[in-house]
Each structure stands twice: as C-alpha cells, then as structure tokens.
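The values are calculated or read from the model by the stated rules, or taken from the named source; none is laboratory data. This is a predicted model, so every value here is computed, not measured. We place every Cβ from the backbone using ideal geometry, glycine too, and count neighbours over all the protein chains shown.
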Amino acid sequence: MDVLRDDLAALSPSLRVREGGPGDAVDGVVPRLVVSPASTGQVAAVVARAAAHGASLVARGAGTKLDWGRPPEGVEILVELSAMDRVLEHAVGDFVARVEAGTTLDRLGALLAAAGQLLPVEQVVPGSTVGGVIATGLSGPSRHLDGAVRDVLIGLTVVRADGVVARSGSKVVKNVAGYDLAKLFTGSFGTLGIVTEATFRLRPLPRARQVVTCELPDEDDLAAALTALRAAEIAASAIEVDRCVDPGRPGEVGPPGTDGAIRLAVLLEGDERSLTARVAATVAALGHAIGAAGTTAPAPVRTAPGVPSWWAEVPGPVTTKLSCAPGDVPGLLRDLAAWSARHARPLAVRGAAADGVLWAGCPAATEPAAVGALLEVARARCERTGGGAVLLRAPAETKAALDSWGPVRGLDLMRRVKMSFDPGRLLAPGRFVGGI
C-alpha cells in the first residue's frame, strides 16, 4: 500500500494524484507522485501532508525551466500548478493585477492589453508561467526601464514547507514578520516555499514605439555607442546587444548573427510627438559615436517599429547567465569571443547591454572542459565588480563536472534563511546555490 499516495488522495475528491513518469522529470529526476491542486488551500494541504511524511517536493508550472539550476537531490511529489491559472483581480485604475502562479505570461499579457496595460516582464522562455518567472528571477529587456521581476512584484502568497500560507506586500492578509517575501522568493528556485499567487505593478501600453538598430564592427565601437547613449539621455525602454560567432566559418556572413558583428538595438516608447525627437537624437548619437570610434565603415543606423528577431531570447542549449558592471560589457564580449576562437566553438551572447545582464549559449555537444573554461573566463571578468556567471542549463554530464553557481556572496546567510523557512530541506533540495 502506498500510504503517501492514499493520504494525498484523501485530501479532496477534486485533487488529482498520479504516478510520476519520465515526462515529469525535474532535470532528470523522476518524481514518485504528481499532484494537481486547484487552489492555494489545496497546495497548503498537500505540503502539510508531505511534511508529515518527510516527503520532498518540487513545484511545476509549464515546466519550461525545470532543467535550470542543479538537479534536485530527490523529488517524491511534483506539485503541478497548471490548473491554477486564474487572474484573481485586475484593478485597472490602480495598475495592479493579482494572478495565480500557473498563469502564463502569454495569457496574462493578452488580458492586460485589452485594458491598455502591460506587465513589464517579457516571455524570455516561451510558455513561461508567473510562478516559473518568479522562481528563476527571469527578467527581460524591460528591466532597463522598469527594473527586474522583483521590482514589479508588489505582493506574494506562498505556502511554506510546513503547509502554512503566508502573504506579504500588497493586499496583505497575513504578513511574515521580518521578511520581504518578494525579494526572498524571486530567484530562489522553489527552495523556500511554493508561490501560489502574485500581485504585480503594471504600466500603460505605449502609444507608439520605435527600435533603433545598428551593427558595430568591434567592442570599442560598442563602448563608444553605449557611452553616447548615456550622454544623450534618451530615456530608452531597453538597450539590448546580440553577438553570435562561429569560428568554424571565419569571415563568412552566413545566417544572421554568425559573422561576429555586434548588433545593438534601442527600444524607445512614448507618445508620437516626443518619440520622433528621441529617435532622431538616438540615431544622431549612435552615428556620431560609431563614426568617431571605428576605423572600418560601420553599417548604417536604422529604425523600425518592431524589435529584431533575437530580442528577448535566451540562447542555448548550454545556457549561462552573466552579470557584470555595465561598463564591462564590451570587455566581456571580447573575452567570450576569444574563448570561442580558442576552443573552436560557436557562441551566442545577448542581453541588456546597458545593465550588464547577459546570456551566453553554446551547443549541447560542447565538452564539459570547454564549458568550464567559458565559466572561468566569464567569472574572471564579472566577479571583480560583484557579478558572476551561472551555468543554468546543460547536459547532465556537464553539470556534474562543474560548479554551476560559482562563488556566492552571503551564502551563509542564504543557508540560514533556508533553514528558517525549510528546516527539513523538503522543498527542491539541492537545486539552488550551495546545495540549498
């Protein structure tokens, strides 16, 4: 008799409980059971029953990022949140929305757009849910204007490891004294509790938008362009960079992005009258900076109403997240291009050029030693200004051979927080930094 399964099934006739299978694997670890709650109350009941059995749990929304981070030490219960996809409240006049964790960004975006509003969080990984974005701290180009996910998250409902429901921030019912749940839970990979509801700050849909793009011959031109944009004070919504190098085809242009050129895209939003002047100022600033810095004739500066094809897209399938001082972005691109040439491996790098948050992706067949060298190069540049390089997605043998997280400041404090929230280490054990 499976006592745990029977206990879970007895919680509610509407609670679905089934055996786990290969399609439910969390980074290669197959769960023993899968449960599908339909409310915060049911999640709390499941977690409380799991705690009584000492059973480990991992939450899943759409499953798009379950192979990020480290594989869990074990998964006895996979908590499937896809049925929790309701928009619970949309206060249009207050620019606030409260939604369940299983709501996809696609669906939420469509509902908000009908009211002339948006959530400034891009769907960087297609199919992402609200809960998955919070768990991984996934931010896209909008972070330049609106801040990261944690900055637009103003309220959170979570289920603790003991099954107790805790709320903080806007629409508070019960606070957790001494903790800002939004800050703690964003990017914690589900190791502190299960997010069931989130309240976000919204903003109006822009009346107009234009994207200014250019191709830069080298890193010096990028540095000059970014300096010019800062000096121009154009109030950009996002400034993104993209570079894809393939040392197997030196000098060959091939498909877009494989010639080693650096592509810069600046998103400008607002009313049409002010936008015209800001676009002109951006074009002038970039044109002057590139002309002054480069010895090779640069490609022209262009404008378009839409973003380029590579916009807000995480490269992979071996994916590394990089964070550095904004002024170090050109140097980081130079170091990564040198790694690509030295190891004869293609590499795509893109992300927030003005904020120092980038993504690097290389082929799945890249040897663990070469990926390790990539992390070493990136960390040497990023860590000197308080940043880092994290290996998020890679084949199992690559993750097993490498330190995915690297040095982490405040790790002792993070471990104490984990013990405060989850002393039995039942929530996604081992997925996060330092084996948390």
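A few comments on the model shown:
- No other residue among V92, V26, V30 is buried (at least 20 other Cβ atoms within 10 Å of the Cβ) and outside the structural domain of V318 (by TED's automatic domain parsing) apart from V26.
- Residue in the stretch 55-64 that is at negative phi, surrounded by 20 or more Cβ atoms within 10 Å (Cβ to Cβ) and charged (D, E, K, R) present: yes
- Residue match in the stretch 44-58 (condition: within 23 Å of R393 (Cα to Cα), assigned to a loop (DSSP other than H, G, I, E, B) and outside the structural domain of T157 (by TED's automatic domain parsing)): yes
- Those strands (runs of 3 or more DSSP E) lying entirely in the stretch 296-386 with at least 2 residues modelled with pLDDT under 95: 302-304
Residue-by-condition table, conditions (1) closer than 29 Å to A52 by Cα; (2) at pLDDT below 95; (3) not assigned by TED's automatic domain parsing to the domain that holds A236:
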residue	(1), (2), (3)
V124	no, yes, yes
G127	no, no, yes
L153	no, no, yes
R160	yes, no, yes
V164	yes, no, yes
S168	yes, yes, yes
K171	no, yes, yes
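- Residue within the stretch 360-369 that is in contact with a Cys (Cβ under 7 Å, 6 or more places away or on another chain) and buried (at least 19 other Cβ atoms within 10 Å of the Cβ) present: no
- Residue check for G61: touching a helix residue (DSSP H, G or I) at 6+ places or on another chain (Cβ under 6 Å), closer than 30 Å to A389 by Cβ and modelled with pLDDT of 95 or more: yes
- Scan of the stretch 65-77 for residues that are surrounded by fewer than 20 Cβ atoms within 10 Å (Cβ to Cβ) and touching a Gly at 6+ places or on another chain (Cβ under 6 Å), ordered by number: P71, E73
- Cβ pairs under 8 Å, 6+ apart, first in the stretch 312-340 and buried (at least 20 other Cβ atoms within 10 Å of the Cβ), second of a type in the set (K, R) and assigned to a helix (DSSP H, G or I): C324/R381; L332/R381
- So E80, is it surrounded by fewer than 23 Cβ atoms within 10 Å (Cβ to Cβ), touching a Pro at 6+ places or on another chain (Cβ under 9 Å) and either modelled with pLDDT of 95 or more or farther than 19 Å from V165 by Cα (or both): yes
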